[in-house]
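Undergrad: Pasting a structure here, questions to come.
The values are calculated or read from the model by the stated rules, or taken from the named source; none is laboratory data. Keep in mind it's a predicted model, so treat the numbers as computed, not measured. A quick note on method: Cβ atoms are made from the backbone with ideal geometry, for glycine too, and the neighbour counts reach across all protein chains shown.
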Amino acid sequence: MSTAPASFTPLAISQTTFLGIVWGSSMVSFLFVIFRGYCRIKRFRRLFLDDALVLLAWILLFITAVIWQTRVYIIYYVWDISVGAISPPPADLWEKIDKQVHQGIAVTILTLVSLWCVKFALLALFKKMGRKVRRQRVLWWIVFLFTVATLAVSIGVQAYGCVFGDIRVIAVKCAQPETGEYIRAILRVQAAVDVASDALITIIPITLLWTVRISLRTKLEIAAVFCLTLFTMICAVIKVIFTLESPREDDSWLFSWSAIEGAVAIIISCLVAYRASLHKEPERKRYQGGASAYPLRNVPNHQSSANFSGDLTAPRGGQSSTSTIADEDTLTQPDAIWVQQVYTVDGTRL
């Protein structure tokens with residue numbers, strides 16, 4: 001076996017750089033996961049479902065890094081053979097190609113599940129925020145079902161015909177131009193559903209945010225935190241653009257940006273959760289009159305019991321309505337959105 005002296009096109013990202021990106025993404029995101037756990041335990045004395053999902057997402061990202069550490073050489077080895085950098089082909093060529101194909105699909109599935117774990121973590125966090133508001137619950141379930149569907153689509157559209165079976169038959173079949181177009185279409189579909197699900201998930205807290213009584217500046221500050229998911233969408237788009245613009249199918253671009261996207265998604269979810277741990281516990285009071293007691297906040301002690309409303313902005317004179325009571329603190333607490341029935345105390349037992 002000899003190395004071809006003629007010029008050839010290497011993969012866009014060297015093996016050393018590729019491993020640096022993979023491990024760097026894994027370790028940086030791990031620091032944010034640890035910081036998230038510390039803040040949640042310090043603030044709430046416990047972890048929540050969304051914290052467990054983010055941890056699972058990181059574990060899957062770490063597993064992909066371990067796979068690349070032990071198997072990444074196969075991608076570069078097979079590439080060098082395919083472009084003539086190594087000639088003649090070694091006797092174990094088909095075995096190497098078979099390992100590369102199975103390694104690629106395993107990493108792809110793990111990366112997809114990791115990304116969607118982060119999406120479900122955000123959904124779990126946002127569900128607590130709007131669980132007392134009916135329209136928010138309806139919106140949450142719509143987005144949740146859509147997110148489940150997009151995960152099924154992303155996993156289901158994979159070119160499994162180019163993975164399982166006799167590798168020699170697969171190599172001939174999957175080298176056809178139509179197969180290449182199908183794989184490129186898969187990348188476009190995955191990017192589309194990835195971005196669409198992220199956008200819909202971001203809509204949930206934004207729609208709740210504009211219904212609460214806090215200052216416009218505070219709304220914009222909180223909205224900016226929620227909109228950090230835009231960076232995950234940008235990574236998904238860049239990944240597809242760089243991969244599709246490559247003159248040949250360059251796996252180094254695809255898998256490098258997959259690692260970056262997974263890390264960015266975890267980091268963003270940790271920043272959003274950190275925003276929920278910044279403020280002190282809001283004061284809550286309960287009306288103790290009779291069998292029914294509603295959660296009340298900021299009730300002035302001097303207000304007359306003959307004309308009292310749980311909502312300080314509600315109309316007086318015995319009228320009642322339903323209102324969402326929230327402020328900057330309550331919006332960002334996991335269990336802090338309180339929906340109150342406004343009522344009037346007129347001397348009778350409620």
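Undergrad: Any residue in segment 53-66 that's free of Cβ contacts under 8 Å to residues at least 12 places away in the same chain: show its pairings with residues that are buried (at least 21 other Cβ atoms within 10 Å of the Cβ) and in a helix (DSSP H, G or I) at Cβ separation under 6 Å, as long as the two are six or more apart or on different chains.
TA: none
Undergrad: Then there's this: So which of Q190, Q158 ends up being within 16 Å of V101 (Cα to Cα) and in the same structural domain as T108 (by TED's automatic domain parsing)?
TA: From the options Q190, Q158, the qualifying one is Q158.
Undergrad: Now a separate question. What do you reckon, is L112 of a type outside the set (K, R), farther than 15 Å from I267 by Cα and not in a helix (DSSP H, G or I)?
TA: No; evaluated as a whole, the condition is false for this residue.
Undergrad: Return the residue satisfying two criteria in turn: it lies in segment 77-96 and is in contact (Cβ under 8 Å) with a residue 40 or more places away in the chain and buried (at least 19 other Cβ atoms within 10 Å of the Cβ), and of such residues it is farthest from I266 (Cα to Cα).
TA: For segment 77-96, the residue satisfying everything is I86.
Undergrad: Moving on. Name every residue in segment 197-207 that is in contact with a Phe, Trp or Tyr (Cβ under 8 Å, 6 or more places away or on another chain) and among the aliphatic types (A, V, I, L, M), in order of residue number.
TA: L200, I201, I204, I206
Undergrad: Further, regarding this structure: From the list I203, I186, I170, pick out the single residue that is modelled with pLDDT under 85 and assigned to a helix (DSSP H, G or I).
TA: The conditions single out I170.
So that you can scan it fast, the table gives a plain yes or no per residue for (1) closer than 26 Å to L93 by Cβ; (2) aromatic (F, W, Y); (3) touching a residue at least 12 places away in the same chain (Cβ under 8 Å):
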{"residue": "L145", "(1), (2), (3)": "no, no, no"}
{"residue": "C162", "(1), (2), (3)": "yes, no, yes"}
{"residue": "G165", "(1), (2), (3)": "yes, no, no"}
{"residue": "T179", "(1), (2), (3)": "yes, no, yes"}
{"residue": "R184", "(1), (2), (3)": "yes, no, yes"}
{"residue": "A196", "(1), (2), (3)": "no, no, yes"}
{"residue": "L216", "(1), (2), (3)": "no, no, no"}
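Undergrad: Next question, about the same structure. Take segment 49-76 and flag every residue that is surrounded by fewer than 20 Cβ atoms within 10 Å (Cβ to Cβ) and among the hydroxyl-bearing types (S, T, Y).
TA: T70, Y73, Y76
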